[in-house]
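The structure appears right after this line, and notes come after that.
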Amino acid sequence: MNNNYILGLHIGLHDSSAALIRCNRIIAMAEQERFSRRKIAEREAPIDATLFCLNVAGITLTDVEAIALGMDWDLRDSLLEFPNGEKNKWIKINNIERYLPSTIFGAKRPPVISIKHHIAHASSAYRSSGFKDCAVLVIDNRGENESSSLGYVKDGNINFFKQLDISQSLGIFYSRACDYTGLYGTHREVGKLMGLASYGKPIIPMPIKPSRNGNLYQGVSTIVSKNNYNIPNIRTKQLNSYFLENCFPYEQGNKEEIMAYANFASSAQTALENVILDFVRELKEKINTENIVIAGGVALNCSANGKVEQSSIFKNIYIPPFAGDAGTALGAALEVNFMLHGIEQLEEPLYDAGLGAKASKQEIISVLLQNKCRLVYKELEWMPLYKTVSEELSEGKIVAWVQGKFEIGPRALGHRSILADPRKRRNLIKLNTIKEREMWRPIAPSVLKEYYSKYFEGNPENKYFMNVASIVKSEVRKYIPAVVHVDYTARPQVVDKSNEKYYYLIKEFYKKTGIPILCNTSFNRKGEPLVNTPQDAVDNFLASEIDILVIENFFIKKIESRGNENATF
């Protein structure tokens with residue numbers, strides 16, 4: 001069996017990342033934004049993420065067997081016909097000196113193998129799912145030329161039988177719809193449109209519909225250009241014109257009256273869901289399996305994923321926590337591992353997203369001592385810690401919870417989370433205020449796996465990564481109002497002992513309150529990525545209205561004012 005390392009990289013213009021695997025195990029994985037502290041790491045190469053992965057393994061680049069890229073950049077560039085003078089304005093993405101500079105990594109480099117973007121997405125999902133056979137659906141803005149790919153796995157090989165090009169991109173449709181409302185923002189926050197959709201009705205016409213002939217855009221003109229460079233711009237102009245002409249309030253980006261866009265958001269979300277559901281039906285018609293994996297940026301739309309589950313077309317659904325472009329670093333590495341060594345999947349299915357960096361006790365103490373004039377703290381044994389934190393939560397305190405390795409992907413899953421009691425609806429207001437989020441946006445629940453079916457509909461095995469919406473059962477809604485959205489759905493995260501510390505905290509909260517659920521949102525300030533280091537956590541804590549910070553087994557409070565320097569617990 002292969003004893004060498006394979007380094008996977010996503011080197012694109014946003015969400016750059018690195019993943020290091022050996023044989024059938026993930027050694028480390030990280031997104032560049034967690035180190036640079038610039039959300040989505042726009043135009044950054046994953047240099048810090050790569051160094052982190054190599055340092056975890058205690059190796060250098062010379063110990064790596066191959067480098068896998070989650071995009072065939074040469075193919076992509078060959079499909080783009082740049083206007084005169086425009087090409088020089090673009091960074092040469094696949095210049096190895098950009099993403100693996102010799103001044104940092106040395107001049108000797110392993111072979112670089114490019115994996116097609118949608119194969120890398122599919123590989124990230126299938127090869128971490130544990131499914132031996134499955135249907136495959138990839139949906140995003142674009143790959144080299146593809147925007148949606150339908151396929152299956154046979155003998156470890158990923159095969160696509162249908163691919164739609166960039167002119168049919170669902171990612172472009174949804175991002176432009178979000179932009180029409182004014183919610184899109186610097187960091188491409190399309191999830192806001194999904195949250196707003198629950199407040200409206202799908203009564204506004206939309207320019208996309210299901211179609212088996214490959215033409216999803218039926219409300220705007222067919223694009224005749226074959227130049228992939230121009231197609232996104234053409235489609236964007238068409239969509240903007242369509243929305244302004246056909247969609248109330250016939251004005252773009254009026255965030256001051258955001259609820260005027262609720263019916264529009266609902267209509268765009270429903271149109272997206274209808275197309276995805278037809279993809280899923282087409283997959284089922286062609287493939288005899290109960291399993292489906294879904295990846296690509298559009299796979300982060302948990303409401304659409306919830307509709308896929310509710311359709312019961314497939315019994316088992318796996319969507320990795322890194323469904324967006326960051327996941328292609330791991331997908332590319334796993335694909336090259338299969339190509340070189342025939343290793344089809346990870347040793348165990350991936351049910352915990354904690355693959356990043358963990359702080360040492362020495363690092364935690366150092367940061368706390370540097371802030372001794374502003375913080376008081378005590379170190380507790382684990383069981384007393386769980387009991388103490390659950391007690392504080394039950395009394396209405398907001399707790400920042402920093403445990404183990406940070407998560408991969410956009411959602412906090414019990415490693416870098418802000419937690420609260422779900423029994424009080426006002427805690428949703430508290431959390432959204434702390435996060436500077438709009439009050440109409442929902443907060444997700446984390447639930448002990450063994451109690452999932454008492455509170456939520458659907459299959460708990462599909463819910464480890466907070467990316468499939470579920471209906472909250474009517475008889476329990478009044479007990480957990482802080483996590484019930486206006487349409488009676490939630491975005492639950494199932495927690496089992498694979499996420500041990502978070503599991504035992506929720507279990508203690510259950511013993512205290514009878515509720516096996518906590519509110520969970522990401523620990524970060526507006527416009528920043530999730531916290532990474534103890535310093536990030538302390539800085540965020542001190543700048544917020546969070547009541548308590550827990551880093552590993554250190555229980556931390558603020559010294560609220562001058563003259564209170566001797567505060568105790």
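Which of the following residues is open to solvent by less than 40 Å² (accessible area, probe 1.4 Å), of a type outside the set (D, E, K, R), in contact (Cβ under 8 Å) with a residue 24 or more places away in the chain and part of a loop (DSSP other than H, G, I, E, B): Leu9, Leu80?
Leu80
From the list Thr50, Thr62, pick out the single residue that is among the polar types (S, T, N, Q), farther than 18 Å from Asn532 by Cβ and part of a helix (DSSP H, G or I).
Among Thr50, Thr62, only Thr62 is among the polar types (S, T, N, Q), farther than 18 Å from Asn532 by Cβ and part of a helix (DSSP H, G or I).
Criterion first (in contact with a Phe, Trp or Tyr (Cβ under 6 Å, 6 or more places away or on another chain) and either buried (at least 22 other Cβ atoms within 10 Å of the Cβ) or outside any helix (DSSP H, G or I) (or both)) does Gly151 satisfy it?
Numbers: in contact with a Phe, Trp or Tyr (Cβ under 6 Å, 6 or more places away or on another chain): yes; either buried (at least 22 other Cβ atoms within 10 Å of the Cβ) or outside any helix (DSSP H, G or I) (or both): yes.
So Gly151 fits the description; yes.
Looking only at the range 271-291, which residues are surrounded by 20 or more Cβ atoms within 10 Å (Cβ to Cβ) and not in a loop (DSSP other than H, G, I, E, B)?
Answer for the range 271-291, where residues must be surrounded by 20 or more Cβ atoms within 10 Å (Cβ to Cβ) and not in a loop (DSSP other than H, G, I, E, B): Ala271, Leu272, Glu273, Val275, Ile276, Phe279, Val280, Leu283, Asn291.
Just to verify a result, which residue in the range 193-236, among those that are assigned to a loop (DSSP other than H, G, I, E, B) and of a type in the set (A, V, I, L, M), is farthest from the chain's Cα centre (by Cα)?
Going through the range 193-236, the residues assigned to a loop (DSSP other than H, G, I, E, B) turn out to be 198-207, 209-216, 218-230.
Now drop any that are not of a type in the set (A, V, I, L, M), which leaves 203-204, 206, 216, 220, 223-224.
Numbers: Ile203: 29, Ile204: 29, Met206: 26, Leu216: 26, Val220: 31, Ile223: 31, Val224: 34 Å.
Selected residue: Val224.
For the range 237-244, does any single residue satisfy the condition of being part of a helix (DSSP H, G or I), touching an Asp or Glu at 6+ places or on another chain (Cβ under 8 Å), at pLDDT 95 or above and over 12 Å from Phe173 (Cα atoms)?
yes
Taking only the range 535-564 into account, find how many residues are of a type outside the set (A, V, I, L, M), farther than 20 Å from Glu500 by Cβ and either modelled with pLDDT of 95 or more or in contact with a Cys (Cβ under 7 Å, 6 or more places away or on another chain) (or both).
Qualifying residue count, the range 535-564: 10.
Tally time: how many residues in the range 482-517 are free of Cβ contacts under 8 Å to residues at least 60 places away in the same chain, out of contact with any strand residue (DSSP E or B) (no Cβ under 8 Å at 6 or more places or on another chain) and outside any loop (DSSP other than H, G, I, E, B)?
Residues in the range 482-517 being free of Cβ contacts under 8 Å to residues at least 60 places away in the same chain, out of contact with any strand residue (DSSP E or B) (no Cβ under 8 Å at 6 or more places or on another chain) and outside any loop (DSSP other than H, G, I, E, B): 2 in total.
Please verify whether Ile139 is modelled with pLDDT under 95 and either open to solvent by less than 60 Å² (accessible area, probe 1.4 Å) or under 18 Å from Leu334 (Cα atoms) (or both), treating the condition exactly as stated.
No, not satisfied.
Could you run through the range 341-381 and say how many residues are outside any loop (DSSP other than H, G, I, E, B) and either in contact with a Cys (Cβ under 8 Å, 6 or more places away or on another chain) or more than 29 Å from Phe35 (Cβ to Cβ) (or both)?
Quick first cut of the range 341-381, residues outside any loop (DSSP other than H, G, I, E, B) only: 341, 354, 361-370, 375-379.
If we keep only those that are either in contact with a Cys (Cβ under 8 Å, 6 or more places away or on another chain) or more than 29 Å from Phe35 (Cβ to Cβ) (or both) as well, we get 341, 376, 378.
Selection size over the range 341-381: 3.
Output the residues belonging to the range 12-38 that are polar (S, T, N, Q) and either open to solvent by less than 30 Å² (accessible area, probe 1.4 Å) or in a loop (DSSP other than H, G, I, E, B) (or both).
Ser16, Ser17, Asn24, Gln32
Surrounded by fewer than 16 Cβ atoms within 10 Å (Cβ to Cβ), hydroxyl-bearing (Ser, Thr, Tyr) and without any contact (Cβ under 8 Å) to a residue 40 or more places away in the chain, is that true of Ser394?
It is false that Ser394 is surrounded by fewer than 16 Cβ atoms within 10 Å (Cβ to Cβ), hydroxyl-bearing (Ser, Thr, Tyr) and without any contact (Cβ under 8 Å) to a residue 40 or more places away in the chain.
Here's the yes/no breakdown for (1) over 23 Å from Asn532 (Cβ atoms); (2) acidic (Asp, Glu); (3) surrounded by fewer than 21 Cβ atoms within 10 Å (Cβ to Cβ):
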{"site": "Ile40", "(1), (2), (3)": "no, no, no"}
{"site": "Leu69", "(1), (2), (3)": "yes, no, no"}
{"site": "Ile96", "(1), (2), (3)": "yes, no, yes"}
{"site": "Phe105", "(1), (2), (3)": "no, no, yes"}
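For the range 248-262, does any single residue satisfy the condition of being closer than 21 Å to Gly306 by Cβ and assigned to a helix (DSSP H, G or I)? Break it down into steps so the answer makes sense when it comes.
Taking the range 248-262 as the starting set, the residues that turn out to be closer than 21 Å to Gly306 by Cβ are 262.
Still in the list and also assigned to a helix (DSSP H, G or I): 262.
Yes, that holds for at least one residue.
Any chance you could count how many residues in the range 518-544 are closer than 30 Å to Tyr451 by Cα, part of a loop (DSSP other than H, G, I, E, B) and aliphatic (A, V, I, L, M)? Spell out how you get there, then give the answer.
Applying the first criterion (closer than 30 Å to Tyr451 by Cα) to the range 518-544 yields 518-524, 530-531.
Of the ones still in play, those that are also part of a loop (DSSP other than H, G, I, E, B) are 523-524, 530-531.
So of that shortlist, the ones also aliphatic (A, V, I, L, M) come out as 530-531.
The qualifying residues number 2.
From (1) within 14 Å of Cys247 (Cα to Cα); (2) surrounded by fewer than 20 Cβ atoms within 10 Å (Cβ to Cβ); (3) touching a Leu at 6+ places or on another chain (Cβ under 7 Å), pick out the condition that doesn't hold for Gly219.
(3)
Look at Phe243 and say whether it is among the aromatic types (Phe, Trp, Tyr), in contact with a helix residue (DSSP H, G or I) (Cβ under 7 Å, 6 or more places away or on another chain) and closer than 30 Å to Leu80 by Cβ.
yes
The values are calculated or read from the model by the stated rules, or taken from the named source; none is laboratory data. The structure presented is a predicted model; accordingly, all values stated were derived computationally and were not measured. Glycine also receives a Cβ, built like all others from the backbone with ideal geometry; neighbour counts cover every protein chain displayed. Just so you know, the surface numbers come from the protein's heavy atoms only, side chains and all, with ligands and any DNA or RNA stripped out. Shrake-Rupley method; radii C 1.70, N 1.55, O 1.52, S 1.80 Å.
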